[in-house]
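Asker: For reference, the structure I am asking about is given below.
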Amino acid sequence: MRIINVTSGYEVYRHKNYVLPELHVEERDCPDGYRFVVQRVGEGIVATAKTREEAESHVAFLKGYRLVNAFKTVREHNEELQVA
């Protein structure tokens with residue numbers, strides 16, 4: 001287990017036996033538009049995405065590289081929609 005504060009990006013706790021999972025992005029032929037899959041080696045699909053960038057961004061998030069402001073409040077999301 002690993003716990004990261006999503007606001008600061010700092011790791012709060014890591015179990016002594018924690019091992020970062022090996023993840024990779026693979027393109028597949030899929031009619032639903034989600035052509036890219038994030039797979040955990042030896043365990044199967046973790047997530048699907050429409051673009052390679054979205055899939056790779058998800059991998060970075062799962063590995064803890066993209067955490068600061070990873071989540072938005074409903075208010076922040078609505079404000080962003082109004083600006084666009």
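Asker: Hey, can you tell me all the residues within the range 22-39 that are on the phi < 0 side of the Ramachandran plot and exposed (fewer than 13 other Cβ atoms within 10 Å of the Cβ)?
Answerer: Taking the range 22-39 first, the residues on the phi < 0 side of the Ramachandran plot are 22-32, 34-39.
Listed by number, the residues that qualify are GLU22, HIS24, GLU26, GLU27, ARG28, ASP29, CYS30, PRO31, ASP32.
Asker: For the range 1-11, how many residues meet the condition of being among the hydrophobic types (A, V, I, L, M, F, W, C) and open to solvent by 100 Å² or more (accessible area, probe 1.4 Å)?
Answerer: Of the residues in that region, 1 qualify.
Asker: Among the numbered criteria (1) exposed (fewer than 11 other Cβ atoms within 10 Å of the Cβ); (2) modelled with pLDDT under 75, which single criterion is violated by GLY42?
Answerer: The single condition GLY42 does not satisfy is (2).
The values are calculated or read from the model by the stated rules, or taken from the named source; none is laboratory data. What you see is a predicted model, and the numbers here were worked out from it, not measured in a lab. Cβ atoms come from the backbone with ideal geometry, glycine included; neighbour counts cover every protein chain shown. Ligands, DNA and RNA are stripped out before the accessible areas are found, and what is left, the full protein with its side chains, is counted by its heavy atoms. Shrake-Rupley method; radii C 1.70, N 1.55, O 1.52, S 1.80 Å.
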